[in-house]
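**Q** Below is a structure I'd like to ask you about.
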Amino acid sequence: MKRTLYILLIIACAGVCALGYTQGKNERVILGDERSDMYLPLLQGQRVALLSNQTGIIMRPDGSRQHVLDRLLEQGVNVTAIFSPEHGFRGTADAGELVRNDVDAQTGIPILSLYSSHGSNYPAEESMLQFDVLVVDIQDVGLRYYTYYITMCRLIEACGAYGKQVVILDRPNPNGHYVDGPLLDLSLKSGVGLLPIPVVHGLTLGELARMAQGEQWLDSAGNSCTVHVVPCMNYTHHTHYDLPVAPSPNLPNMQAVYLYPSLCPFEGTIVSLGRGTDKPFQQYGHPRMGGKYTYSFTPVSMPGAKRPPCEGEQCYGVDLSTLPYEQIWAEQINLSYVIDAYQCVMSGDSVPERFSTAFFDKLMGQTYVREMIADGYDNDAIRQRWQDDVNAFKQLRKPYLLYEE
């Protein structure tokens, strides 16, 4: 029998139910980290570790901002350790770059590596012994291949193994208004895909943790770990929430966040999606696409993109930086961009040996997307292939939702 072992803090406040929240015209979304009356009692007298980064910002009613670490320290919480995900605690590391043990210069609190010296996916034992409760406050963007949720799930498993509790201060999902894309075939499980969920899962981190435990997707320790979720207020899955801080170096604005589901598959190809330019995840191109397009850009090495694809080469392609939000939302995952690039790059004389790498299948979570593109199928035909799986997933996730669909 599947069980969800959560202490949902929403029942602690009489008359408050996350399922009943709607977004009114003048209602500000209140984040989990603003609801200190709900989580401070869990942290009193405890050694606390914080999983966060530059996105862990508390928004005050007057518009000012404060990092959750500073707020916790200000409130007398004994923060003894920090865990930072991909890109590091201040959000400046490259994608996939190893983040080692360090010290936060502003507070002197140690930043602990998420990987042991033995190559494990979990922190070292000495790290796990430095705290009693893990607080999670980090801005996800709602994609299976965006790795923050994987870090959270791995830490839940580690906390379960060491008898630690977890408190998730929930945040809105900027891509939480739809569900789309193929489900992960677990034979393609990797560092960019952990759970059998669609590319766009539509869940907040709190909801995703609930589902991962309820469906027994974590290891036995993770499934039995005590997880408390502090939900947002005034948020539904149709709330369009603008992120106050860029979630990672190459998602600098909402245009990139919304285009990310459609453009990230280029990471598994030889085509540039704008890393190393001022428009990452807002354009795509390749030197061989000049026969069709005149728009061009040249990727260069820069912080957050130290060795970008097509570095130093003039790439011809498409600028999507002014595409209206409404069109992006309506198209959802749009494989037309990848199909267009494939047809441009792989036609003519002296075609490259390959268009995509093994990483493409890991990102998509299935092999059929790559195969159908190579066989000449269009966007609509490929999208139709995953619709039944998406519909089944939407039904499966219903018991774990905290917010109105």
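The values are calculated or read from the model by the stated rules, or taken from the named source; none is laboratory data. Just so we're clear, the structure is a prediction, and the values are computed from it rather than from any experiment. Glycine gets a Cβ as well: all are built from the backbone with ideal geometry, and neighbour counts include every protein chain shown.
**Q** How about the stretch 182-217: which of its residues are assigned to a loop (DSSP other than H, G, I, E, B) and among the hydroxyl-bearing types (Ser, Thr, Tyr)?
**A** The answer is THR204, and nothing else.
**Q** Can you pull out the residues in the stretch 379-400 that are within 24 Å of the chain's Cα centre (by Cα), among the aliphatic types (A, V, I, L, M) and surrounded by fewer than 19 Cβ atoms within 10 Å (Cβ to Cβ)?
**A** Answer for the stretch 379-400, where residues must be within 24 Å of the chain's Cα centre (by Cα), among the aliphatic types (A, V, I, L, M) and surrounded by fewer than 19 Cβ atoms within 10 Å (Cβ to Cβ): ALA392, LEU396.
**Q** Sticking with this one: Show the residue pairs that are 6+ apart or on different chains and have beta-carbon atoms under 8 Å apart, the first residue being within the stretch 171-195 and assigned by TED's automatic domain parsing to the domain that holds ARG28, the second being of a type in the set (Asp, Glu).
**A** As it stands, the answer is ARG171/ASP33; ARG171/ASP137; ARG171/ASP140; ASN173/ASP140; PRO174/ASP242; PRO182/ASP389; LEU183/ASP389; LEU188/ASP361, since those pairs meet every condition given.
**Q** Let me ask another. If you scan the stretch 253-275, which residues turn out to be surrounded by fewer than 21 Cβ atoms within 10 Å (Cβ to Cβ) and in contact with an Asp or Glu (Cβ under 8 Å, 6 or more places away or on another chain)?
**A** MET254
**Q** Further, regarding this structure: I need a count of the residues in the stretch 74-113 that are hydrophobic (A, V, I, L, M, F, W, C) and modelled with pLDDT of 85 or more.
**A** Adding up the residues that qualify gives 9.
**Q** Of the residues SER248, SER321, which is at pLDDT below 95 and hydroxyl-bearing (Ser, Thr, Tyr)?
**A** After ruling out the rest, the residue left standing is SER248.
**Q** Could I ask something else about it? When you scan the stretch 153-177, how many residues do you find that are among the charged types (D, E, K, R) and farther than 24 Å from ALA246 by Cβ?
**A** The total comes to 2.
**Q** Now a separate question. Select, from GLU157, GLU126, the only residue that is in a helix (DSSP H, G or I) and modelled with pLDDT of 95 or more.
**A** That would be GLU157, the only listed residue that is in a helix (DSSP H, G or I) and modelled with pLDDT of 95 or more.
**Q** Here's another thing I want to ask about it. Would you please name the residue that is nearest to GLY290 (Cα to Cα), looking only at residues in the stretch 310-331 that are among the polar types (S, T, N, Q) and out of contact with any Pro (no Cβ under 7 Å at 6 or more places or on another chain)?
**A** Step by step, filter the stretch 310-331, then rank; the result is SER321.
**Q** Suppose the filter is in a loop (DSSP other than H, G, I, E, B), buried (at least 24 other Cβ atoms within 10 Å of the Cβ) and among the polar types (S, T, N, Q); does GLN139 pass it?
**A** Considered against the rule, which asks whether it is in a loop (DSSP other than H, G, I, E, B), buried (at least 24 other Cβ atoms within 10 Å of the Cβ) and among the polar types (S, T, N, Q), GLN139 comes out as yes.
**Q** Is there a residue in the stretch 390-402 that is touching a residue at least 60 places away in the same chain (Cβ under 8 Å) and over 23 Å from ARG144 (Cα atoms)?
**A** No, the stretch 390-402 contains no residue that is touching a residue at least 60 places away in the same chain (Cβ under 8 Å) and over 23 Å from ARG144 (Cα atoms).
**Q** Sort out which residues of the stretch 347-405 are of a type in the set (Val, Ile, Thr) and more than 21 Å from ARG288 (Cα to Cα), and write them in order of number.
**A** THR367, VAL369, ILE382, VAL390
**Q** Looking at the stretch 126-138 only, could you name the residues that are of a type outside the set (A, V, I, L, M, F, W, C) and out of contact with any helix residue (DSSP H, G or I) (no Cβ under 8 Å at 6 or more places or on another chain)?
**A** The answer is GLU126, SER127, GLN130, ASP132.
**Q** How many residues does the stretch 30-51 hold that are part of a helix (DSSP H, G or I) and either within 19 Å of ASN78 (Cβ to Cβ) or hydrophobic (A, V, I, L, M, F, W, C) (or both)?
**A** Looking only at that region, the number is 9.
**Q** Can I ask one more? Does at least one position in the stretch 53-71 carry a residue that is surrounded by fewer than 20 Cβ atoms within 10 Å (Cβ to Cβ), among the hydroxyl-bearing types (Ser, Thr, Tyr) and at pLDDT below 95?
**A** The answer is yes, given that some residue of the stretch 53-71 is surrounded by fewer than 20 Cβ atoms within 10 Å (Cβ to Cβ), among the hydroxyl-bearing types (Ser, Thr, Tyr) and at pLDDT below 95.
**Q** Which residue out of PRO244, PRO280 is crowded, with 24+ Cβ neighbours inside 10 Å and assigned to a loop (DSSP other than H, G, I, E, B)?
**A** From the options PRO244, PRO280, the qualifying one is PRO280.
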